[in-house]
Ligand SMILES: [Zn+2]
């Protein structure tokens with residue numbers, strides 16, 4: 001059973017991510033904000049990122065990632081965690097890579113996405129029982145975007161949320177702990193892209209989102225712009241003061257992120273003005289809180 005923490009007990013937030021760098025592109029400002037307000041924040045990274053392609057032209061000829069991508073990404077992850085002020089743990093799985101081609105090639109043997117669910121979820125269940133988070137952040141059923149590791153990260157987070165508190169499940173790996181709330185991240189919230197797009201146009205600046213918006217317009221027969229979300233936003237975390245920290249953390253993942261790219265198209269200052277939040281859907285809760293929320297720990301303080 002979970003009990004509301006006493007005023008002196010620290011609140012704990014666990015974010016479950018597929019690869020090193022996902023923590024910096026999804027919910028990073030939220031984590032930095034909570035860490036700065038003395039919440040204990042832990043990032044669980046499911047895979048080693050060993051099958052990531054080099055996305056930054058400036059890193060293409062560097063020997064370290066060529067020789068040892070996972071090792072290079074460990075260093076990047078350490079730097080990003082420092083910037084965000086959070087702790088981080090590896091769950092020990094091998095990156096599945098993003099299959100490309102027609103037909104799609106099979107996933108590589110032994111990768112994270114091919115693990116049976118109970119095997120894939122066990123390290124996370126152990127971590128939940130050890131760290132005792134009040135709140136877990138995860139991706140939606142599509143993984144936010146359909147990378148096989150993101151979908152698996154979603155599945156293990158849901159499994160750990162459901163099973164970690166049950167003494168009959170995963171016996172022998174720690175004392176049961178039931179986290180109180182499970183959220184899905186809405187980092188790619190269409191409402192946010194739409195707001196940023198129109199703000200950029202209004203300021204006479206070029207919008208990197210025009211293509212995405214056009215695709216939505218075509219995809220949604222009912223004419224909704226943006227399309228109706230699978231999970232609506234229930235919770236908006238005001239964290240604009242930490243947008244620079246988020247961008248700095250993302251830039252630490254030098255093999256994966258082009259500093260001239262999409263993520264940095266809109267200045268932190270403009271984002272603060274137009275959309276100073278990160279958005280979440282509350283999916284399950286073992287405490288009561290009133291929606292909409294402005295705090296992931298609503299009902300727990
Ligand atoms: Zn990823």
Legend entry - Packing-based exposure ordering (other Cβ within 10 Å, fewest first) of 83, 156: 83, 156
Legend entry - For the chain, calculated [θ]222 nm from helices alone, where every DSSP H run of n ≥ 4 adds -39500 (n - 2.57): -10500 deg cm²/dmol
Inset, instruction - Quote the FRET efficiency, to the nearest 0.05, computed for residue 117 versus residue 195 with a Förster distance R0 of 30 Å and r equal to the Cβ-Cβ distance. - result: 0.20
Inset, instruction - Give me 273, 26 ranked fewest to most by other Cβ atoms within 10 Å of their Cβ, as a rough exposure proxy. - result: 273, 26
Inset, instruction - Would you please classify the overall shape of region 92-213 from the alpha carbon gyration tensor, given that a ≥ b ≥ c denote the square roots of the eigenvalues, rounded means a/c under 1.5, and beyond that prolate means a/b larger than b/c while oblate covers the rest? - result: oblate
Legend entry - For the chain: Kirkwood Rh in Å [reciprocal of mean 1/r, alpha carbons]: 20.0 Å
Legend entry - At 1.002 mPa s and 20 °C, Stokes diffusion of region 128-193 via Kirkwood alpha-carbon radius, µm² per second: 168 µm²/s
Inset, instruction - Would you mind ranking 244, 202, 293 so that the residue whose beta carbon has the fewest other beta carbons within 10 Å leads the list? - result: 202, 244, 293
Inset, instruction - Mind running the shape call on region 1-119? Use the C-alpha gyration tensor, a ≥ b ≥ c as the square roots of the eigenvalues: rounded below 1.5 for a/c, prolate if a/b tops b/c, oblate otherwise. - result: oblate
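Every number in this text was worked out from the coordinates using simple rules, so none of it is lab data. Bear in mind the structure is a predicted one, so any value in this text is a computation, not a measurement. Positions of Cβ are backbone-derived with ideal geometry, glycine not excepted, and every protein chain shown enters the neighbour counts.
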